[in-house]
Amino acid sequence: MTDILAPNRRDLLTCLSGGAAVAFAAIVLPTGRSTAAAKPAAFQLSDAQWRQRLSPEGYAVLRTAATERPYSSPLNGEHRKGVFACAGCDLPLFASATKFDSGTGWPSFYDHLAHAVAERNDTDFGMTRTEVHCARCAGHLGHVFNDGPRPTGLRYCMNGAALRFSAA
């Protein structure tokens, strides 16, 4: 007679294949939305070149994943028609039509432009969030949360220091 609590090979393989499927889904579809594929950044500079190109705050946010103080970005109050682009490589990221006042103190958007951002799971600080990066230079932009307005229900909470605005 076998012990009913002892795992057999079939149970072990079933568990491993299920775990692999969950891990694959978490990596490929962290928010259930299509994002840029994980690949090496197309826009790469040396650390010295990044420091020369960016403000000290922009460097801290884009290159070291720092977070600016809430309500510190002038882009929080930007309401003109235009495009918000990456401050590191100028890739257009968000249309002004998707910007909304989230009350959080950071520029917020309910959607991004096609192929503009990449996302990854972020487990820093003992919580699970989805980190948002520029698809071209891999610069840290902020995080996306599932508490935004329609039609997506998402809130892309971005650091203003990671963005540049161009009026239309």
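The values are calculated or read from the model by the stated rules, or taken from the named source; none is laboratory data. Keep in mind that this is a model prediction, so the values were computed, not measured. Methodologically, a virtual Cβ is constructed for each residue, glycine included, from the backbone with ideal geometry; neighbour enumeration extends over all protein chains shown. Side chains included, ligands, DNA and RNA excluded: accessible areas come from the protein's heavy atoms. Shrake-Rupley method; radii C 1.70, N 1.55, O 1.52, S 1.80 Å.
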> Relative to a virtual label point 7 Å from the Cα of GLN49 in the Cα→beta-carbon direction, which members of region 72-86 show backbone nitrogen distances below 20 Å?
Replying inline: 86
>> As a test question: what accessible area, to the nearest 10 Å², does GLU68 have when a 1.4 Å probe is rolled over all protein chains in place?
In response: 10
> Which ³J(HN,Hα) values, rounded to whole Hz and listed in residue order, are derived for region 151-160 from phi using the Karplus coefficients 6.51, -1.76 and 1.60 in 6.51 cos²θ - 1.76 cosθ + 1.60 with θ = phi - 60°, glycine and proline given as x?
Replying inline: x, 8, x, 10, 10, 7, 8, 9, 7, x
> In what order, largest first, do HIS143, HIS79 sit by accessible area if the probe radius is 1.4 Å?
Replying inline: HIS79, HIS143
> Amide H to amide H under 5 Å from VAL117: which residues, 5+ apart in sequence or cross-chain, H placed 1.01 Å off N in plane?
Replying inline: ALA36, ALA135
>> Considering only C-alpha atoms, what is the centroid distance from region 53-73 to region 103-140, in Å?
In response: 14
> Around GLY148, which amide H atoms from residues at least 5 apart in sequence, or from another chain, sit under 5 Å from its own amide H, with H modelled in the peptide plane?
Replying inline: LEU154, ARG155
